[in-house]
Amino acid sequence: MKLALIVAMSRDGLIGREGTLPWRLPRDLKHFRRLTWGKPIIMGRRTHEALGRPLPGRTNIVLTRQAEVLAKGCLIARDRTQALALAQATGSPEALIIGGSQVYEAFLPL
């Protein structure tokens, strides 16, 4: 399975502030939707909470170490290996890592 990271980052390296993107550009959001539609997306708990709901048209996988986390409409993974297994089980040839910073760090060695 191919893995890709999608990151919206400011010139000074900021990827988010207080649960939001540092900007809101409709063209960026359309591009994100086009790239991720129909594919599994892997995100951290805080990214999921910032979104406020599962993203439609995609398999949403939330990576968290917190055992009590339940995310309605999402699959829960406790580690990187489990997240990858859930993504592979969808049959998609590609999965996308959509944040946050700890999730990017967990997957960058791959």
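Just a few scattered comments:
- For segment 79-108 versus segment 49-70, the gap between their alpha-carbon centres in whole angstrom: 12
- When 14, 86 are sorted by how many other C-beta atoms sit within 10 angstrom of their C-beta, beginning with the fewest, the order is 14, 86.
- Antiparallel %, DSSP beta bridges [both residues in the chain], to 5: 5
- Calculated Cα extents along the principal axes in Å (choose from (i) 45, 42, 28; (ii) 93, 22, 18; (iii) 34, 29, 29), label: (iii)
- Under a 5 Å amide H cut-off, with hydrogens placed 1.01 Å from N, residue 97 pairs with 4, 5, 6, 42 among residues at least 5 apart or on other chains.
- Eligible aspartates and glutamates near residue 39 by straight Cα distance, threshold 13 Å, same-chain separation 8 or greater: 94
- Ranking of 90, 64 by count of other Cβ atoms within 10 Å, fewest first: 90, 64
- Restricting the calculation to Cα atoms, segment 1-66 yields a radius of gyration followed by a Dmax of 12.3, 34 Å.
- Loop-located trypsin sites (Lys or Arg not before Pro) in segment 33-95 (DSSP state not H, G, I, E or B) with no more than 15 neighbouring Cβ atoms inside 10 Å: 65, 72, 78.
- Packing-based ranking, highest mean first, of 2-9, 47-54, 93-100 given that Cβ atoms within 10 Å are counted: 93-100, 47-54, 2-9
- Relative contact order (%) - criterion: Cα under 8 Å, at least six apart; region: the chain: 34
- Relative to the longest principal axis of the Cα atoms of the chain, the long axis of helix 80-89 lies at roughly 80 degrees.
- In Hz, Karplus ³J(HN,Hα) per residue of segment 45-58 (6.51, -1.76, 1.60; θ = phi - 60°; x = Gly, Pro): 4, 5, 5, 4, 5, 5, 5, x, 6, x, 7, x, x, 9
Rule-based calculations on the coordinates, nothing more; no lab input. Note that the structure is a prediction, hence the values are computed from the model and not measured. Here the Cβ is made from the backbone with ideal geometry for all residues, glycine too, and neighbour counts use every protein chain on show.
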